[in-house]
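The values are calculated or read from the model by the stated rules, or taken from the named source; none is laboratory data. Because the structure is predicted, anything quoted here is derived from the model rather than measured. Positions of Cβ are backbone-derived with ideal geometry, glycine not excepted, and every protein chain shown enters the neighbour counts. These accessible areas exclude ligands, DNA and RNA; they are computed on the full protein's heavy atoms, side chains included. Shrake-Rupley method; radii C 1.70, N 1.55, O 1.52, S 1.80 Å.
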Amino acid sequence: MADTQRRGRQIMMTRDELDAFLAAQRTCRVATVGGDGAPHVGALWFVWDGTALWLYSITRSKRWAQLCKDPRIAVVVDDGHEYGELRGVELAGSAVIVGEAPRTGEPCPELDGPERLFAAKYFGMDEMPHDGRHAWLRLTPQSVASWDFRKIPG
């Protein structure tokens, strides 16, 4: 057990590495819990602001319906093809809806930063386009686990 814990600390990302990794990655996998306790996993686009993961979800989705009933969520962002390249982050906690749902662009100062980041990252734009089908979820993680197998001595 001690060797496993030591290795875990050895391959864990630093805060700067975690921030850079989450800024660079484009797709995450989001796990929610259904009313019967069954998990549901789906892919989403996201932005990380250094404190919270912002998820832009369709409001007429299974994910959205489940989160409205049970806000517990786990999110994985990972990368790599070969074993020695694998790296990723798992974030878990409770999702909070921010702004109107669906989002139409009403003023919401809390969304200014995430929308600016999202518009630049995914659309190459300065301002967020709103389609009246998506809304924002904020995950301020209660737990974060990271790994970077590139750090394993070879």
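Quick notes on this structure:
- Straight-line cross-link reach from residue 69 at under 12 Å between alpha-carbon atoms covers these aspartates and glutamates, not counting any fewer than eight positions away in the same chain: 36.
- Both radii were evaluated on the Cα set of region 42-154; the Rg over Rh quotient, with Rh as the Kirkwood radius, amounts to 1.02.
- Projecting the Cα atoms of 57, 35, 111 onto the charge dipole of the chain (Cβ charges, centred on the Cα centre) puts 35 farthest toward the positive pole.
- Candidate lysines for bridging to residue 121, where Cα separation is under 28 Å - those fewer than 8 sequence places away on the same chain excluded: 62, 151
- Fully extended contour minus Cα-Cα distance, from residue 41 to residue 123, at 0.36 nm per residue: 27.1 nm
- Compared with the alpha-carbon gap, the fully stretched path from residue 23 to residue 9 is longer by 2.8 nm at 0.36 nm per residue.
- Solvent exposure of the chain as accessible area per residue, Å², 1.4 Å probe: 57
- For region 25-101 and region 110-154, distance of Cα centres in Å: 10
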